[in-house]
Amino acid sequence: MKTCKEKAAEWDISERTVANLCINNRIQGAVKTGKSWQIPDDATRPADKRVKLGKAGKAAVMTDKRALPIGISDYVRAQSEYYYVDKTLLIKEFLDKKPLVSLFTRPRRFGKTLNMDMLRVFFEISKEDTSIYFKDKAIWQCGQEYTKHQGAYPVIFLTFKDVKFDSWEATLYKIKGLLQGEFGRHSELLAGDNLADYEKEYFSKILYGRANAVELTSSLENLSKMLFKYYKKAPVIIIDEYDTPIQEGYAKDFYDEIISFMRNFFSGAFKDNKYLTFGFLTGILCIAQESIFSGLNNLTVNSVMDKDYDRFFGFTYSEVQQMMEYYGVSDKNEELREWYDGYLFGNTEIYNPWSVINYISKGCIPQAYWVNTGKNEILEDVLNIATDDITERLYALLQGECVVARIDQNVVYRSLSEDPANIYSLLLVAGYLKAPQKVLQDDGAYLCEVSIPNKEIAVVYKEEILAHLLQIGAITRTTANKVAESLYANDTKKLQKAIAEYMDKSISFYDAGAEGFYHGLALGLVALMDNHYKVRSNRESGDGRYDISLIPRENKYPGIIMELKWEKGLDEEALEALSALALEQIADKRYDSEMSYDGIEKILRFGIAFSGKKVRIKAE
């Protein structure tokens, strides 16, 4: 039998790499004796699973490049087998500040779970020497003041990222299972005389799934006390994606039940718990209005607006440059920046890590990788309650403009129905907006200029807004294309037919009830043209405010102005007259003056009149 050091010399790799291969069961016959591994003399070096990108950007099996960690949230595995972006200085920054309970709110797929697992491995007492996973990382260069905390505490770790069910009963059953697993991970507590009989009985209830909902709410508090009694050290408690079941409760109508449970569950763990060393939580939202953290005055919230920890979730510019150089695709830097950069956490510019990794691994093909990780339920909920003004602003954002909005980081789903303007706060924390300009208000909210971060998110807006306004299916997508073609060709008959077809087949008569509705309809139908046009709505030009204008991005396309009119119960003749009136208004109010001033020579003018499902169009 040989040591890791001897095999490392034989295979011409590092000793640490050999140890990691043993840990991951990749060397047949390797056994651990104490803290050292013993490896059979005739053991062969495992095949390298790492990859290198070829000149065309396509992945090819090689021996000198690590694979990219797509979907890997296990820290030990991520740092040993894959390309790992070192975020261990998060530990130093935390230990410098030492808040008792920290909540990190970031968008999904920005590395929250991997970072929390990193904290677990760093702090947790273990039978094996887990320092090997940090000795080549940045944290180990910070000195004994920090490394003395490594492997020094019992840890309670739960991730709720997969608690996504349609009912409260199924959700509670899943949470019960997660707690069973975590209590099972600490089954050493049942040995010896450290615990009283009633504590062992409670432990067994959780472990064997016999505990009721009330008993489950006390589980974190009770487990932390038991761990303290056993190890003589208060534990670290880590809760990852704490708000996932709350989001599901909101969407699936068991909101009150999950809020009531979580309030008691977290209160026992983090409020006045003397058996707690540190607490960490992650999520998308800070759910304060429901009083989940009521009275928890030791909670430090770190959001996308804060400078603290700003570079530890997502990739920084320098981290992305190093990764691109490593894989030999530095020539794609500008494309990657346009698609996946643009987030602003605190004062640090951040790339979407999930999308960057997928972009490189897929041969540098730009597409919306992040949005394909799950339903865009947040944007869907927002659109369902959006007012006409909000819809127009969403279109302005899609055109690359900034919108001034009040951002309250504590806003939650229920407040949307009370004030739909809160959607900007929700979209910001969920990763759909960035806030490059912000001013703190007296009440703790921010007044911000918000905009879409990058091309990837612009794709989401375009697809989701169209899906909402057009109720997109095969017919309506075709209809939208017909509208675009008709406008290009100035074919009023084809345009009128396309809009009428859409209204007849896709919209209930009772949905058609006000000019704002038709305005949103028209915006949705022309949104497919945004590659060639800047779509503007309700802007001042000439002597008034036009309804919709399409300003060409290239001179080869004509400018387009649309004025919309609506009245109830019109017959064909009256509808014809109303469309003529709309067309006259364009000329009378000189709505085309803005385009003429910009040097656009050819301008198409459309007067469009609606009544119920009927539509008439006049053009010149």
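The values are calculated or read from the model by the stated rules, or taken from the named source; none is laboratory data. Predicted model only: the values in this text are computed from it and were never measured. Reconstructed Cβ throughout: ideal geometry from the backbone, glycine too, with neighbour counts over all protein chains shown. In case anyone asks, the SASA skips ligands and DNA or RNA and just uses the protein heavy atoms, side chains included. Shrake-Rupley method; radii C 1.70, N 1.55, O 1.52, S 1.80 Å.
Sequence-ordered 3J(HN,Hα) estimates for region 73-78 from the Karplus curve with 6.51, -1.76 and 1.60 and θ = phi - 60° stand at 10, 8, 4, 4, 5, 4 Hz, glycine and proline given as x.
Quick one: if the Förster radius is 35 Å, what FRET efficiency do Ile385 and Asp162 give, using the C-beta to C-beta distance and rounding to 0.05? After rounding to 0.05, the efficiency reads 0.80.
As a calculated quantity, the FRET efficiency between Glu463 and Gln28 at R0 = 51 Å, using C-beta atoms, amounts to about 0.55.
Pop the C-beta distance of Glu338 and Ala9 into the FRET formula with R0 = 60 Å and round what comes out to the nearest 0.05.
The calculated FRET efficiency here is 0.80.
Between Asn333, Tyr231, Tyr309, the Cα set farthest toward the positive side of the dipole of region 213-370 (charges on each charged residue's Cβ, about the Cα centre) is that of Tyr231.
Heavy atoms only, probe 1.4 Å: what % of the accessible area of the chain goes to carbon and sulfur, would you let me know?
Numbers: 12750 of 27300 Å².
Roughly 47 percent, rounded to a whole number.
Simple spin-label estimate for Asp96 and Asp331 gives 4.0 nm between the two label positions (7 Å along the Cα-to-Cβ direction from each Cα). Near Phe157, the amide H atoms lying under 5 Å from its own belong to Ile238; only residues 5 or more places off or on other chains count, and H is placed 1.01 Å from N. Beta bridges per DSSP, both residues in the chain: antiparallel share near 55 percent. Amide H contacts for Asp306 (H built 1.01 Å from N in the peptide plane; partners 5 or more residues away or on another chain; cut-off under 5 Å): Gly346.
Using the alpha-carbon centroid of each, what span in Å lies between region 352-373 and region 303-333? Each part reduced to its Cα centre gives a spacing of 14 Å. With 0.36 nm allotted per residue and the present C-alpha distance subtracted, the Asn555-Ser596 stretch has 13.5 nm of extension available.
What you get for the chain, charging only the Cβ of Lys and Arg (+1) and of Asp and Glu (-1), is a dipole of about 2140 debye around the Cα centre. Identify, among Val535, Ala43, Val18, the residue whose Cα sits farthest towards the positive end of the charge dipole of the chain, taking +1 on the Cβ of Lys and Arg and -1 on the Cβ of Asp and Glu, with the dipole about the Cα centre. Of the listed residues, the answer is Ala43. When the charge dipole of region 108-194 is built from unit charges on Cβ atoms (+1 for Lys and Arg, -1 for Asp and Glu) and taken about the Cα centre, the candidate among Phe160, Ile125, Tyr146 whose Cα reaches farthest toward its positive end is Phe160. Close amide-amide hydrogen proximity is noted between Trp566 and Phe610, each under 5 Å apart and 5 or more residues distant or on a separate chain (H modeled in the peptide plane; Pro and chain starts excluded). Rolling a 1.4 Å probe over the protein heavy atoms gives the chain an accessible area of 44 Å² per residue.
Strictly over 30 Å apart at the Cα level, which of Lys455/Lys565; Lys97/Lys205; Lys98/Lys332; Lys565/Lys602; Lys112/Lys137; Lys252/Lys462 would you flag in this model? In this structure, Lys455/Lys565; Lys97/Lys205; Lys98/Lys332 exceed 30 Å between Cα atoms. Hull volume per residue, based on the alpha-carbon atoms of the chain and their convex hull, is 183 Å³.
How much length, in nm to one decimal, is gained on full extension between Ile70 and Asp443, taken as 0.36 nm per residue of separation minus their Cα-Cα distance?
So the extension gain works out to 130.2 nm.
The string of couplings for region 239-247 from the Karplus curve (6.51, -1.76, 1.60, θ = phi - 60°) is 10, 9, 6, 4, 9, 4, x, 6, 4 Hz, one whole number per residue in order, with x for Gly and Pro.
Relative contact order of the chain: what whole-number percent is it, with Cα pairs under 8 angstrom and at least 6 residues apart? Value for the chain: 10 percent. Spin-label pair Lys232-Lys493: with each label point 7 Å from Cα along the Cα-Cβ axis, the two points sit 9.4 nm from one another. Here the simple spin-label model places points 7 Å from the Cα toward Cβ, and for Gln38 and Ala191 these points are separated by 2.2 nm.
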